[in-house]
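Shown next, in structure tokens, is the structure this report addresses.
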Amino acid sequence: MKISHNFLPCNNSQQTFKSKNSIIKDADWVCRSVNTNFPAISTTWLNFNLNPNKKMFFISRIGENIQKARNKNSSELLPFNFFKNMLNQVQQNKSGNCYEKATIAELILKINGVNNCNRINLVSDDGKRNLNHCVLLVNFDKQNYYPSLQKAVIIDPWCGNSGYADTIFKKYINMYNSFFNLKPDENIQFIPRNTLALGEQEIDYFKENYPKLVFKSSDNHKLFKSI
């Protein structure tokens, strides 16, 4: 799927649909949960936001820690161990980039019974150029592995944004293009990563050990109840 530089939702019904409804509020809660429960310094975020002349030496050291942690926890074929190790690493190192944050977001959804989600890698030029950014996509179109951008929600704890994919992709183009370095004729597209499945006992483990990741609502509203 892709979005071009010239695309922006403009009809009234679409704008109303994209207001802060319960779905977007749920996505915002997941974003906050990642960053509140697992505060982490991101080297890519610092590099994007700091003036080049003010970048500090510790950024490279943090980057080394993140890479070492990834090397130790490189296999996604054992999702339970993978999630468990990643949570421990982020808590201990207090560091993590978009990949770690999107993975924790996926775990939060899995804990709360939402399985129709995938981490995705952003690409351009028909997949030939990697934009080096990972986010979580929640798919409302169960019949399609690649949903339309209006039927998918992006959760991006790295930049603290969530919303419908067409809106978020447009925000990337307008607000973060100095990070993505998109050319005028390039579009944002995505490639799904591996799905990380967990069994009931494994989910119970994370619920018991990380209770703050369990969604609670006074009106018995379930996380992403429309999915």
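The values are calculated or read from the model by the stated rules, or taken from the named source; none is laboratory data. From a predicted model like this one, the values you see are computed outputs, not experimental measurements. Glycine gets a Cβ as well: all are built from the backbone with ideal geometry, and neighbour counts include every protein chain shown.
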List the residue pairs whose Cβ atoms are under 8 Å apart, where the first residue sits in region 64-78 and is of a type outside the set (Lys, Arg), the second is loosely packed, with under 12 Cβ neighbours inside 10 Å, and the two are 6 or more positions apart or on different chains. GLU76/ASN194
When the residues of region 165-193 are narrowed to those that are among the aliphatic types (A, V, I, L, M) and touching a His at 6+ places or on another chain (Cβ under 8 Å), which ends up nearest to ASN139 (Cα to Cα)? ILE173
Take the residues in region 109-120 that are touching a strand residue (DSSP E or B) at 6+ places or on another chain (Cβ under 9 Å) and either β-branched (Val, Ile, Thr) or assigned to a strand (DSSP E or B) (or both), then tell me which one is surrounded by the fewest Cβ atoms within 10 Å (Cβ to Cβ). VAL114
Candidate set: region 158-203, residues that are part of a loop (DSSP other than H, G, I, E, B) and aliphatic (A, V, I, L, M); chosen: the one modelled with the lowest pLDDT: LEU182
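Yes/no per residue for (1) surrounded by 15 or more Cβ atoms within 10 Å (Cβ to Cβ); (2) over 15 Å from ASP166 (Cα atoms); (3) at pLDDT below 50; (4) out of contact with any strand residue (DSSP E or B) (no Cβ under 6 Å at 6 or more places or on another chain):
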{"position": "LEU8", "(1), (2), (3), (4)": "no, no, yes, yes"}
{"position": "SER13", "(1), (2), (3), (4)": "no, no, yes, yes"}
{"position": "THR16", "(1), (2), (3), (4)": "no, no, yes, yes"}
{"position": "ASN21", "(1), (2), (3), (4)": "no, yes, no, yes"}
{"position": "CYS31", "(1), (2), (3), (4)": "yes, yes, no, no"}
{"position": "VAL34", "(1), (2), (3), (4)": "yes, yes, no, yes"}
{"position": "ASN37", "(1), (2), (3), (4)": "yes, yes, no, yes"}
{"position": "TRP45", "(1), (2), (3), (4)": "yes, yes, no, yes"}
Out of the residues in region 121-157 that are basic (Lys, Arg) and either surrounded by 14 or more Cβ atoms within 10 Å (Cβ to Cβ) or more than 27 Å from LYS216 (Cα to Cα) (or both), state the one that is modelled with the highest pLDDT. ARG129
Quick one: what pairs do we get from region 24-44, first residue touching a residue at least 12 places away in the same chain (Cβ under 8 Å), second charged (D, E, K, R) and part of a helix (DSSP H, G or I), C-beta under 7 Å, 6+ apart or different chains? VAL34/LYS101; ASN37/LYS212; ALA40/GLU100
Can you tell me which residues in region 139-173 are aromatic (Phe, Trp, Tyr), under 23 Å from SER42 (Cβ atoms) and free of Cβ contacts under 8 Å to residues at least 60 places away in the same chain? TYR172
Of all residues being surrounded by 18 or more Cβ atoms within 10 Å (Cβ to Cβ) and modelled with pLDDT of 90 or more in region 211-227, which is nearest to ASN97 (Cα to Cα)? Just the residue, please. LEU213
I need the full set of residues from region 174-189 which are under 21 Å from CYS117 (Cα atoms) and either without any contact (Cβ under 8 Å) to a residue 40 or more places away in the chain or of a type in the set (Val, Ile, Thr) (or both), in order please. ILE188
